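Take a look at the structure below.
Values quoted throughout were computed directly from the atomic coordinates according to the rules given, and no laboratory measurement underlies them. Quick caveat: nothing in here was measured; it's all calculated off a predicted structure. Cβ placement follows ideal geometry from the backbone for every residue including glycine, while neighbour counts extend to all protein chains displayed.
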Amino acid sequence: MDTRGQEVEMTMTGYIKIHKAEGTWTVRAGGAVLAETRNAVELNEGEMAPVIYFPREDIAMSFFDASDLRSNCPHKGEATYYSIQTKSQTLQDVAWSYEDPKPGLEAIKGHLAFYISDKLAVERV
């Protein structure tokens, strides 16, 4: 469901599926909660592990710096990257966003996803 309670499920030739991620999700890094939302979406792409996308309005964007890094996915489009400044370090290029995703994937526009590591956690709470 989207933020208005409507069902969100999109399929791109059966390869990519997007639906509401149930529950409350958080992003933690450097001892701080950087995001918390009940409006995350889960993207499933082929055989890859699911990825949780957080709406930008539920992220403490003041900790994020846009990067010069770009990548291109043939299925989703061009990704832009962000680094996170914690109290003790910069986590380089650990978040990404599709500012203008390919048709059928509009549910991830305005959302960020994160590389999970020992320095950054994405958790359902």
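Below, the figures for the structure above:
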quantity: Under 18 Å, Cα to Cα: Lys pairs in the chain, sequence gap 8 or more or different chains; calculated: 8
quantity: Leading residue at positive end of dipole, the chain (Cβ point charges), from Leu43, Tyr82, Phe64; calculated: Phe64
quantity: Gained length - Tyr15 relative to Glu78, 0.36 nm times residue gap less alpha-carbon distance; calculated: 20.9 nm
quantity: Only Lys, Arg (+1) and Asp, Glu (-1) charged, at Cβ; the stretch 30-96 dipole about Cα centre in debye; calculated: 140 debye
quantity: Contact order normalised by residue count of the chain, Cα under 8 Å, 6+ apart, percent; calculated: 23 percent
quantity: Identified option (computed Rg and Dmax of the Cα atoms in Å; candidates (i) 13.4, 39; (ii) 19.5, 67; (iii) 14.0, 44); calculated: (iii)
quantity: Net dipole in debye of the chain [+1 Lys, Arg Cβ; -1 Asp, Glu Cβ; about Cα centre; nearest 20]; calculated: 180 debye
